[in-house]
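Below is one structure; the comments refer to it alone.
The values are calculated or read from the model by the stated rules, or taken from the named source; none is laboratory data. The structure displayed is predicted, hence computed values, not measured ones. Because the Cβ atoms are built from the backbone with ideal geometry, glycine has one as well, and the counts that use them run over all protein chains shown. Quick note on the areas: whole protein, heavy atoms, side chains included, nothing else; ligands and nucleic acids left out. Shrake-Rupley method; radii C 1.70, N 1.55, O 1.52, S 1.80 Å.
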Amino acid sequence: MASNEHVKNPGRVAAGLRASIKNPRVSDEAKAHATERLQELESQQHAGTDQSGSHGNRVLGGYKATLHNQHTSEEAKKHAREILNAAGIHEPDIDLDDQQHKNRVLAGYKAALHNPKVSEEAKQHARQYLEEHDTT
């Protein structure tokens, strides 16, 4: 599967199928098809081939974190990529050099200054950081 293809969330697909089954405007034939499809999805989830739900999301998030942790081995990163690919998540290999990382940190602090949801205390910290690094 190419990384630019849309991957459907099985939990949301199941919710849509359940809604179709309960909808009085849906034909009996469509309800029967939705019921079959829902049973297929549920059997996949019970077989452990699907990582939906909040626990599954946390597990997949842990694998994503593994890819970006400098203290994990290449073997662990390879395993994490395999798990994420099997779940339909294609995480690009990101190897930022120091300058790219610094630029992104500075951009984050600059963005914080313009974000209305950021507290005044956090904005002050951002200003201080930017002043210390000779950018304004």
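Assorted remarks:
- Answer residue from region 34-68, given it is open to solvent by 60 Å² or more (accessible area, probe 1.4 Å) and in a loop (DSSP other than H, G, I, E, B) and is modelled with the highest pLDDT among those: ALA47
- Members of region 69-84 found to be surrounded by 14 or more Cβ atoms within 10 Å (Cβ to Cβ), under 19 Å from the mean Cα position of the chain (by Cα) and not charged (D, E, K, R), listed by number: HIS79, ALA80, ILE83, LEU84
- Pairing residues of region 53-64 that are under 15 Å from ALA14 (Cβ atoms) with residues that are aliphatic (A, V, I, L, M) and surrounded by 10 or more Cβ atoms within 10 Å (Cβ to Cβ), at Cβ distances under 9 Å and at least 6 apart in sequence or on separate chains, gives GLY56/ALA87.
- Residues (surrounded by 12 or more Cβ atoms within 10 Å (Cβ to Cβ) and of a type in the set (Gly, Ala, Ser)) located in region 109-118: ALA112
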